[in-house]
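Peer 1: Once you've had a glance at the structure underneath, I'll fire off some questions.
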Amino acid sequence: MEYNYISLGDHCVSAELIQHIGMRKASYPFDWNIMLPMVQTSSITYNMEILNTLMKTHQVKDITRIYIGNALNSDLQQYRMNRLNNHYAIWFPHESGTRDEIVAKYERRFERLYNDVQTKQNVFVICSRCVQISQDYFDNVLLTTLLGYNPANKIIFISGSNHEYLAEDKYKTCVLFKHVRYDFSGTLDDYDPIFRKNIRDYLDTFQQKFFE
């Protein structure tokens, strides 16, 4: 059975890396968004809360309304920084079109996420610049939840912060982790292009057999 790839954030590089290895077949709600401030925080915890709520309730319209919040209240033709859900600090920098079009798009993406998590064998992709995910959270939330949907599911996790515990044997069958160092002493403009290039270089050696 072929794996389906789903981005869980915490920013757009997760969707980009799925695209880079030629496995991006559909769009999902966490593909192109990020939680502010970008380097110092991560949306992974919030995205997992949204995913859990979606899978328990299937209330797509309500979840879309909460997820977008007031991000589309201002003129979409203005500077993209205005596209911010102030309550949850979720930023939508890549959106265009009318409010109705964007809301409908996210409703479709949440519905697709709900169906695909239920029915497919998935690889969940996470890419984070610097935020450290504790082993307790990784084990008891990420692994427990995502493998709970299907024990054959996998996780690809690329991080600018090393997570040494992921070298333990118990993760080898379900997690592919890669530490790609992120120099957060500079600015995003200074180091983000280097970080992304280093990820692409790694992905060029990506072994699909891990998921066969």
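The values are calculated or read from the model by the stated rules, or taken from the named source; none is laboratory data. Computed from a prediction, not measured in an experiment: that's the story for all the values here. Quick reminder, even Gly has a Cβ in these numbers, built from the backbone with ideal geometry, and neighbours come from all protein chains shown.
Peer 1: Would you please list the contacts, defined by Cβ atoms under 6 Å and residues six or more apart or on different chains, that run from a residue in region 175-190 that is part of a strand (DSSP E or B) and surrounded by 12 or more Cβ atoms within 10 Å (Cβ to Cβ) to a residue that is aliphatic (A, V, I, L, M) and modelled with pLDDT under 85?
Peer 2: Short answer, once both residue conditions are applied: none.
Peer 1: What single numbered condition from (1) under 19 Å from Leu54 (Cα atoms); (2) free of Cβ contacts under 8 Å to residues at least 12 places away in the same chain; (3) surrounded by 13 or more Cβ atoms within 10 Å (Cβ to Cβ); (4) of a type in the set (Ser, Thr, Tyr) fails to hold for Tyr106?
Peer 2: Failing condition for Tyr106: (2).
Peer 1: Looking at the structure I just gave you, is Tyr137 more than 13 Å from the chain's Cα centre (by Cα), of a type in the set (Phe, Trp, Tyr), closer than 21 Å to Ile34 by Cα and surrounded by fewer than 20 Cβ atoms within 10 Å (Cβ to Cβ)?
Peer 2: yes
Peer 1: Right, another one. Quick one: what pairs do we get from region 29-48, first residue modelled with pLDDT of 90 or more and among the β-branched types (Val, Ile, Thr), second in a loop (DSSP other than H, G, I, E, B) and surrounded by 23 or more Cβ atoms within 10 Å (Cβ to Cβ), C-beta under 7 Å, 6+ apart or different chains?
Peer 2: These pairs meet every condition: Ile34/His11; Ile34/Ser43.
Peer 1: Sticking with this one: Under 6 Å between Cβ atoms, at least 6 apart or on separate chains: pull out the pairs that start in region 127-138 with a residue that is closer than 24 Å to Asn198 by Cα and end on any residue that is of a type in the set (A, V, I, L, M, F, W, C).
Peer 2: Taking only residues 6 or more apart or on different chains, the pairs are Cys127/Val13; Cys127/Ile158; Arg129/Val39; Cys130/Val39; Cys130/Phe184.
Peer 1: Would you be able to say whether some residue in region 88-99 is surrounded by 18 or more Cβ atoms within 10 Å (Cβ to Cβ) and in a helix (DSSP H, G or I)?
Peer 2: There is no residue in region 88-99 that is surrounded by 18 or more Cβ atoms within 10 Å (Cβ to Cβ) and in a helix (DSSP H, G or I).
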